[in-house]
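Have a look at the structure below before the remarks.
The values are calculated or read from the model by the stated rules, or taken from the named source; none is laboratory data. Computed from a prediction, not measured in an experiment: that's the story for all the values here. Methodologically, a virtual Cβ is constructed for each residue, glycine included, from the backbone with ideal geometry; neighbour enumeration extends over all protein chains shown. With ligands, DNA and RNA removed, areas are computed over all heavy atoms of the protein, side chains included. Shrake-Rupley method; radii C 1.70, N 1.55, O 1.52, S 1.80 Å.
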Amino acid sequence: MKFQPLLQGKVAVVTGAGSGIGKATALCLSQAGASVVIAELISVTGEKTAAFIQEQTGNPVLFVQVDVSQSESIRAMVQATVDRFGRLDIAVNNAGMHPDCTPIESLDEDYWHRLLATNLTGVVLSMKWELRQMIAQGQGGSILNMASGTVFRAQTRMAAYVAAKHGVIGLTQTAALENGCHGIRVNALAPGGVATELTMATLAAMGRTEKQESSRTSLLERFAQPHEVGQAVVWMVSDAATYMTGSTVPLDAGMSVM
């Protein structure tokens, strides 16, 4: 698939970029011309993804190991980006854990805390350091936080995940309010079902199949492919969407209106 060079000269960080939506998004950003930082907790996965994307596009790619639940780790990620590429223009905060798959009365409290540390605290800590760098540069920027279709239509047996993603929307709106004056746009994308390994594992844990799930959550009766999410991200963070900020965009094949 050919992309217009919408992001030529831009530097983008994608957290959780070792697999799934993050990997597809990083590839799409690179295809659109950006220099991309693969920020990933699992070093083997991150290094393989970085090598794959560089081979596919020929554009500069850097792998940085990061734990988004730790502020110092994120600070170091941003610094490594600036040390290599001189700046940070785009950040896609995608890193996350899969849903808990239990009803509230059976809530695993340890899992609750770990999931919120990654899916919610990880987003606000990422924005803290990304925003500091973008503000210091004085040339604006674009941040996209990965939400979920569950912010429009909650699902059972995933209380921690749904709560965290609702929190992401609040953080997105707050960051947009605070940083429009700096020319920094902050938005969220809310995908529905996406055919990733993580999604398939979650469905298996819940005793459901993709066909069963997509028939009730998608007007197109299928899950999205990861690259379809990546393509939406490219548009939202690019100068093609310069008047969009504080928005949460559903990408759920109509799940929110079913």
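I want to confirm something. Restricting to segment 144-161 and keeping residues that are of a type in the set (A, V, I, L, M) and in contact (Cβ under 8 Å) with a residue 60 or more places away in the chain, which single residue is farthest from THR121 (Cα to Cα)?
Filtering segment 144-161 for residues that are of a type in the set (A, V, I, L, M) and in contact (Cβ under 8 Å) with a residue 60 or more places away in the chain, the one farthest from THR121 (Cα to Cα) comes out as VAL151.
Could you check PHE223 against (1) without any contact (Cβ under 8 Å) to a residue 40 or more places away in the chain; (2) out of contact with any helix residue (DSSP H, G or I) (no Cβ under 6 Å at 6 or more places or on another chain); (3) open to solvent by less than 50 Å² (accessible area, probe 1.4 Å) and say which number it fails?
Unmet condition: (2).
Every residue in segment 94-128 that is assigned to a helix (DSSP H, G or I) and open to solvent by 50 Å² or more (accessible area, probe 1.4 Å), please. Reasoning before the result, please.
Initial filter on segment 94-128 (assigned to a helix (DSSP H, G or I)): 104-106, 109-119, 121-128.
Matches in segment 94-128: ILE104, GLU105, SER106, GLU109, ASP110, TRP112, HIS113, ARG114, THR121, VAL124, LYS128.
Check off (1) surrounded by fewer than 16 Cβ atoms within 10 Å (Cβ to Cβ); (2) assigned to a helix (DSSP H, G or I); (3) in contact (Cβ under 8 Å) with a residue 12 or more places away in the chain; (4) of a type in the set (D, E, K, R) for GLU213 and give me the number that stays unchecked.
(1)
Keeping to segment 174-206, report how many residues are over 19 Å from THR150 (Cα atoms) and assigned to a loop (DSSP other than H, G, I, E, B).
Here the count works out to 1.
What are the pairs with Cβ atoms under 9 angstrom where one residue, in segment 111-138, is within 21 Å of ASN187 (Cβ to Cβ) and basic (Lys, Arg) and the other, located anywhere, is open to solvent by less than 40 Å² (accessible area, probe 1.4 Å) and at pLDDT 95 or above? Sequence gap at least six, or different chains.
Partner pairs satisfying both residue conditions: LYS128/SER71; LYS128/ILE74; ARG132/VAL78.
Of (1) modelled with pLDDT of 95 or more; (2) within 25 Å of ASP67 (Cβ to Cβ), ALA201 satisfies all except one. Which?
Unmet for ALA201, out of (1) modelled with pLDDT of 95 or more; (2) within 25 Å of ASP67 (Cβ to Cβ): (1).
Go through segment 152-193 and count every residue that is aliphatic (A, V, I, L, M) and modelled with pLDDT under 95.
Residues that pass the stated criteria total 2.
Looking only at segment 130-147, count every residue that is at positive phi and either among the acidic types (Asp, Glu) or in a loop (DSSP other than H, G, I, E, B) (or both) and tell me the total.
Qualifying residue count, segment 130-147: 2.
Mind listing whichever residues of segment 65-93 are part of a strand (DSSP E or B), open to solvent by less than 30 Å² (accessible area, probe 1.4 Å) and either more than 19 Å from SER142 (Cβ to Cβ) or in contact with an Asp or Glu (Cβ under 7 Å, 6 or more places away or on another chain) (or both)?
Across segment 65-93, the qualifying residue is only ALA91.
Say whether the condition of being over 19 Å from MET127 (Cβ atoms), of a type in the set (S, T, N, Q) and within 14 Å of the chain's Cα centre (by Cα) is met by at least one residue in segment 31-39.
No: segment 31-39 contains no residue that is over 19 Å from MET127 (Cβ atoms), of a type in the set (S, T, N, Q) and within 14 Å of the chain's Cα centre (by Cα).
Considering segment 129-150 alone, what residues qualify as being open to solvent by 20 Å² or more (accessible area, probe 1.4 Å) and closer than 18 Å to GLY16 by Cβ?
TRP129
Please tell me if ALA50 is open to solvent by less than 20 Å² (accessible area, probe 1.4 Å), more than 14 Å from GLU130 (Cα to Cα) and either of a type in the set (D, E, K, R) or modelled with pLDDT of 95 or more (or both). Break it down into steps so the answer makes sense when it comes.
Numbers: open to solvent by less than 20 Å² (accessible area, probe 1.4 Å): yes; more than 14 Å from GLU130 (Cα to Cα): yes; either of a type in the set (D, E, K, R) or modelled with pLDDT of 95 or more (or both): yes.
So ALA50 passes the test.
What number of residues within segment 226-258 are of a type in the set (Val, Ile, Thr), in contact (Cβ under 8 Å) with a residue 60 or more places away in the chain and outside any loop (DSSP other than H, G, I, E, B)?
Looking only at that region, the number is 6.
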